[in-house]
Ligand SMILES: Cc1ncc(COP(=O)(O)O)c(C=O)c1O
């Protein structure tokens, strides 16, 4: 964990509790901190599977802190304060704030000042702060990643109640080991460490996996090289992708971390204000361009037309094929994309209104199933990784 944060912070092994991936870690921390019905605030857009991981078995509720494109989706203390008030007005007990830093789906990271102010915010409100730092070592530009652990070390102790601060981590992204199911709850609060340790029986990492990883991770040079090379390659890949997609007049939110880009396709929507138009475009991209991207609404984005595309889980050839298809599609269909979709709908409607209704219901259902059953399940959303194929 220290290496993934550039060696700027050290972690106490006694505070590490293992779990089944960050998925298990996120659920464990909810069980430790909250009762059913308690609320956590989460800046939106947020990782789609939080709705499953944090809520399903714990009964915890999520209230989004909406972030807007007009501000590059930046989280502010004012926005957190607004959501806190809103929750209180509906008689909800706010137990904490959850951040994903760097962000999935945005690929951006919080600057130190914002993070420090958010630490002060939770201390003021006496609520917990859980920071999911699963993408800590994916930063490829824009300065160093700042872990909440660094902020806790730096901020004057009278300004922060460290008992409220918890980190979720995993080897899934930084080390590219999602299948190993190695997650971590790291808490500055002794009671939470003790509670999480008891809960960890439900998601233990096998001893064989631990033995193998201990041997791998204790090779300092290997880990240093791996992390450096991985972020270097992510940076190159991000550049190739964003430059390529720009040729199709598609812009992405400026980002510097993560495995994905947040694409602005608002200009391709039939109706810029409608999430139905977003889902319509999503289907067009799947059916005609044959690419699986994730619509912003699945991340609870409040503005239709944003899509997350993962650029890291394929080889170079596949990336170029994908970029070529997008460029080709946009250039052939400029301004006609959505009109064509509606023309098609008309033809089908004429043929059989009944069949169309069936199709629409099933598309909607299948989207809802993807959404509810775990849109982010790797099997559904990601093409098979080269490793898996091999
Ligand atoms: C923000 C975030 N948290 C947690 C997870 C789940 O990670 P894991 O595979 O370690 O369970 C993901 C996976 O995409 C994620 O993006």
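Which of the numbered conditions does residue 142 fail, given that it passes all the others? Conditions: (1) more than 16 Å from the ligand (Cβ to nearest atom); (2) on the phi < 0 side of the Ramachandran plot.
The failed condition is (2).
Only one of 86, 92 is farther than 22 Å from residue 139 by Cβ, over 22 Å from the mean Cα position of the chain (by Cα) and assigned to a loop (DSSP other than H, G, I, E, B); which?
So the residue among 86, 92 that is farther than 22 Å from residue 139 by Cβ, over 22 Å from the mean Cα position of the chain (by Cα) and assigned to a loop (DSSP other than H, G, I, E, B) is 92.
What's the number of the condition residue 245 fails, among (1) in a helix (DSSP H, G or I); (2) touching a residue at least 60 places away in the same chain (Cβ under 8 Å); (3) not assigned by TED's automatic domain parsing to the domain that holds residue 310?
Exception for residue 245: condition (3).
Take the range 17-32 and flag every residue that is touching a strand residue (DSSP E or B) at 6+ places or on another chain (Cβ under 9 Å) and either part of a helix (DSSP H, G or I) or away from the ligand (no atom under 15 Å from the Cβ) (or both). Before you say what the answer is, go through the steps one by one.
Our first condition is that a residue be touching a strand residue (DSSP E or B) at 6+ places or on another chain (Cβ under 9 Å); within the range 17-32, this holds for 17-30, 32.
Across the range 17-32, the qualifying residues are 21, 22, 23, 24, 25, 26, 27, 28, 29, 30, 32.
Given the structure, is residue 128 within 14 Å of the ligand (Cβ to nearest atom) and either more than 27 Å from residue 308 (Cβ to Cβ) or modelled with pLDDT of 95 or more (or both)?
On the way: within 14 Å of the ligand (Cβ to nearest atom): no; either more than 27 Å from residue 308 (Cβ to Cβ) or modelled with pLDDT of 95 or more (or both): yes.
For residue 128, the condition - within 14 Å of the ligand (Cβ to nearest atom) and either more than 27 Å from residue 308 (Cβ to Cβ) or modelled with pLDDT of 95 or more (or both) - is not met.
So, residue 205, is that one assigned by TED's automatic domain parsing to the domain that holds residue 149, within 24 Å of residue 176 (Cα to Cα) and touching a helix residue (DSSP H, G or I) at 6+ places or on another chain (Cβ under 9 Å) or not? Even if it seems obvious, please write down each step before you answer.
Working: assigned by TED's automatic domain parsing to the domain that holds residue 149: yes; within 24 Å of residue 176 (Cα to Cα): yes; touching a helix residue (DSSP H, G or I) at 6+ places or on another chain (Cβ under 9 Å): yes.
For residue 205, the condition - assigned by TED's automatic domain parsing to the domain that holds residue 149, within 24 Å of residue 176 (Cα to Cα) and touching a helix residue (DSSP H, G or I) at 6+ places or on another chain (Cβ under 9 Å) - is met.
Would you confirm whether or not the range 57-72 contains a residue that is farther than 30 Å from residue 220 by Cβ, within 16 Å of the ligand (Cβ to nearest atom), in a helix (DSSP H, G or I) and touching a residue at least 24 places away in the same chain (Cβ under 8 Å)?
Among the residues of the range 57-72, not one is farther than 30 Å from residue 220 by Cβ, within 16 Å of the ligand (Cβ to nearest atom), in a helix (DSSP H, G or I) and touching a residue at least 24 places away in the same chain (Cβ under 8 Å), which makes the answer no.
Would you point out the residue of the range 164-177, among those that are buried (at least 19 other Cβ atoms within 10 Å of the Cβ) and near the ligand (Cβ under 9 Å from one of its atoms), that is nearest to residue 212 (Cα to Cα)?
Step by step, filter the range 164-177, then rank; the result is 171.
The values are calculated or read from the model by the stated rules, or taken from the named source; none is laboratory data. Bear in mind the structure is a predicted one, so any value in this text is a computation, not a measurement. Heads up, the Cβs are rebuilt from the backbone with ideal geometry, glycines too, and the neighbour counts pull from every protein chain shown.
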